[in-house]
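The values are calculated or read from the model by the stated rules, or taken from the named source; none is laboratory data. Keep in mind the model is a prediction, meaning the values are calculated, not measured. Neighbour counts are summed over all protein chains in view; Cβ atoms, including those assigned to glycine, are modelled from backbone coordinates with ideal geometry.
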Amino acid sequence: MAGFFKRIVAWWDGQSFGTALWTRRFGTKVGEDGDGNVYYRNADDTRRWVHYAGDNDASRVPPEWYGWLHHTFAKPPTEEPLAHKTWEKPHQPNLTGSEGAFFRKGSLRRADVKPASDYEAWSPE
């Protein structure tokens, strides 16, 4: 019962009941990316949307699918793949707040930082 209630109101954790109903009625599956996100469009291609595999996080959408979702590209990457340059790195979602987040050298949040040993703390006698 809790799962059903969660699907009705919890848009931030997967698709809601309304999105699932809309997709079932009007959606046509266009493709899927490497992360398992599934992309849809309506019959006249005026609306495009994604069902995330996991948490709803827009930074998990690869550039080629992002371009298609925002009508930058007319054809989806399944029909016309985006040409990648040799210097491009593979897409990576925003890792802020996770274990994979970047921390500059010397940051106290890094695992490899050791306590400073060039001073000795004063203690009153």
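Numbers at a glance
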| quantity | calculated |
| --- | --- |
| Subset of segment 35-50 [under 14 Å from the mean Cα position of the chain (by Cα) and modelled with pLDDT of 90 or more] | Gly36, Asn37, Val38, Tyr39, Trp49, Val50 |
| Every residue from segment 14-72 that is surrounded by 14 or more Cβ atoms within 10 Å (Cβ to Cβ), of a type outside the set (A, V, I, L, M) and under 13 Å from Pro93 (Cβ atoms) | Asp33, Asp35, Asn37, Tyr52, Asn56, Arg60, Pro62, Trp65, Tyr66 |
| Residue count for segment 15-74, restricted to those that are among the polar types (S, T, N, Q) and either outside any loop (DSSP other than H, G, I, E, B) or under 23 Å from Ser98 (Cβ atoms) (or both) | 7 |
| Hits in segment 66-125 - residues which are under 21 Å from the mean Cα position of the chain (by Cα) and more than 26 Å from Val38 (Cβ to Cβ) | Glu99, Ala101, Phe102, Phe103 |
| Test: residue in segment 101-117 that is in contact (Cβ under 8 Å) with a residue 40 or more places away in the chain and surrounded by 10 or more Cβ atoms within 10 Å (Cβ to Cβ) | no |
